[in-house]
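Peer 1: Let me begin by handing over the structure; questions about it come next.
The values are calculated or read from the model by the stated rules, or taken from the named source; none is laboratory data. Bear in mind that the values here come from a model prediction, so they are computed numbers and not experimental data. Cβ placement follows ideal geometry from the backbone for every residue including glycine, while neighbour counts extend to all protein chains displayed.
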Amino acid sequence: MAKVIIERRGAVFEIRLNRPELLNAVDRETIAAFAAAAGEAAADPDARVVLLRGEGSHFCAGGDITMFGELVALPPDQRRRELYRIVDALHPLLVALRHMSKPVVAAVQGAAAGVGLSLVLAADLAIAAADAVFTCGYVHLGTSPDGGMTALLPATVGLKRAAELLLLGERFDAARALALGIVNRVVPPGALVAEAEALAQQLASGPATAYARTKALVQASLGDAFDAQLRREAENFAACAATADFVEGVRAFLDKRRPDFDS
């Protein structure tokens, strides 16, 4: 079964995560397939807008923790190298979403955690179902953020609120995501797909050149901060992965208990 589904409807290029049994958490293969799909969307001359969705009841619950669980038995330096490769593999996807000339819309239902939240932030516009739940979550794994989170979140919500969301790792609902500017609209759960598709079709019928130039100007407001921050995030995530806190955080998640970072 394909972990990422591509569907073209006229000028709308839809990319759907397809691991609903795992809340669309991403592993190595999913990251590679998603990056390839984003690259294809960026290069498709007939695609005027990209729509990101998740199959099933959730958007994306972040990284597949079972993937991390397989790595905790490795020596710290080897674990650091492996986690750097995994995080670095996200970069082509995020760069493609941010720098492609066409608008990107995210339709968010259920969980949007970790890199799932990064995908929401990387989209140009986002619509959330009223029952969507968001969290950064990295602190609970004993690691620093990845996925461009430390560039996109402060730019979206401000430094103080970003620090709160990142350091406390608390869950927050769609209403707060709307108030923070993380999503543009909140709609009833049953209306999410129709609303997202209507917005995508509206954008697809708009002035493509004007959209492309407007998006480029918005991206330019960050300077080179985004691409540079991706590299810094990978280095710091990998360094955290070499620590005992990361091992405890992953094992606690898999054991469904609170992590004990004091021992």
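Peer 1: Hey, Glu170 hits all of (1) over 20 Å from Leu17 (Cα atoms); (2) buried (at least 19 other Cβ atoms within 10 Å of the Cβ); (3) among the charged types (D, E, K, R) but one; which does it fall short on?
Peer 2: Condition (2) is where Glu170 drops out.
Peer 1: Kindly indicate whether any position in the range 78-91 is under 15 Å from the mean Cα position of the chain (by Cα), modelled with pLDDT under 95 and within 26 Å of Tyr211 (Cα to Cα). Spell out the reasoning first.
Peer 2: Filtering the range 78-91 for residues under 15 Å from the mean Cα position of the chain (by Cα) gives 86-91.
Okay, now just the ones that are also modelled with pLDDT under 95, so 86-91.
If we keep only those that are within 26 Å of Tyr211 (Cα to Cα) too, we end up with 90-91.
Within the range 78-91, one or more residues are under 15 Å from the mean Cα position of the chain (by Cα), modelled with pLDDT under 95 and within 26 Å of Tyr211 (Cα to Cα).
Peer 1: If the requirement is being of a type outside the set (Gly, Ala, Ser) and farther than 22 Å from Gly169 by Cα, which of these qualifies: Leu23, Leu90, Leu119, Leu71? Working first, answer last.
Peer 2: Working: Leu23 fails: farther than 22 Å from Gly169 by Cα; Leu90 fails: farther than 22 Å from Gly169 by Cα; Leu119 fails: farther than 22 Å from Gly169 by Cα.
Exactly one residue qualifies, and that residue is Leu71.
Peer 1: Among (1) buried (at least 23 other Cβ atoms within 10 Å of the Cβ); (2) closer than 26 Å to Gln201 by Cβ, where does Ala113 come up short?
Peer 2: (2)
Peer 1: Separate question: Residues that are closer than 24 Å to Phe253 by Cβ and in contact (Cβ under 8 Å) with a residue 40 or more places away in the chain: list the strands (runs of 3 or more DSSP E) wholly contained in the range 90-183 that include at least 2 such residues. If you could, list the steps in order and put the result at the bottom.
Peer 2: Values: elements: 104-108, 111-113, 125-129, 133-135.
Here the list reads 111-113, 133-135.
One line per residue, one yes/no per condition, for (1) of a type in the set (D, E, K, R); (2) more than 30 Å from Gly206 (Cβ to Cβ); (3) out of contact with any Lys or Arg (no Cβ under 9 Å at 6 or more places or on another chain):
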residue	(1), (2), (3)
Thr30	no, yes, no
Ala41	no, no, no
Leu51	no, no, no
Gly62	no, yes, yes
Glu70	yes, yes, yes
Pro75	no, yes, yes
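Peer 1: State whether the residues of the range 168-189 include one that is at pLDDT 95 or above, under 18 Å from the mean Cα position of the chain (by Cα) and within 24 Å of Ile86 (Cα to Cα).
Peer 2: So far as the range 168-189 goes, yes, one or more of its residues are at pLDDT 95 or above, under 18 Å from the mean Cα position of the chain (by Cα) and within 24 Å of Ile86 (Cα to Cα).
Peer 1: Are there any pairs with C-beta distances below 7 angstrom linking a residue in the range 244-263 that is of a type in the set (A, V, I, L, M) to a residue that is surrounded by fewer than 10 Cβ atoms within 10 Å (Cβ to Cβ) and assigned to a loop (DSSP other than H, G, I, E, B), with the two at least 6 apart or on different chains, and if so which?
Peer 2: What qualifies is Ala252/Arg258.
Peer 1: Restricting to the range 190-235, and then to whatever is part of a helix (DSSP H, G or I) and either of a type in the set (Asp, Glu) or touching a His at 6+ places or on another chain (Cβ under 6 Å) (or both), can you tell me which residue is modelled with the lowest pLDDT? Quick ask: steps written out before the conclusion?
Peer 2: Keep residues of the range 190-235 that are part of a helix (DSSP H, G or I), which gives 190-204, 208-220, 225-235.
When the remaining residues are screened for being either of a type in the set (Asp, Glu) or touching a His at 6+ places or on another chain (Cβ under 6 Å) (or both), the result is 195, 197, 227, 230, 233, 235.
Values: Glu195: 97, Glu197: 97, Asp227: 83, Leu230: 92, Glu233: 95, Glu235: 96.
That would be Asp227.
Peer 1: Looking at (1) within 22 Å of Arg231 (Cβ to Cβ); (2) at pLDDT below 95, which is the only condition Val115 fails?
Peer 2: Looking at each condition in turn, Val115 falls short on (2).
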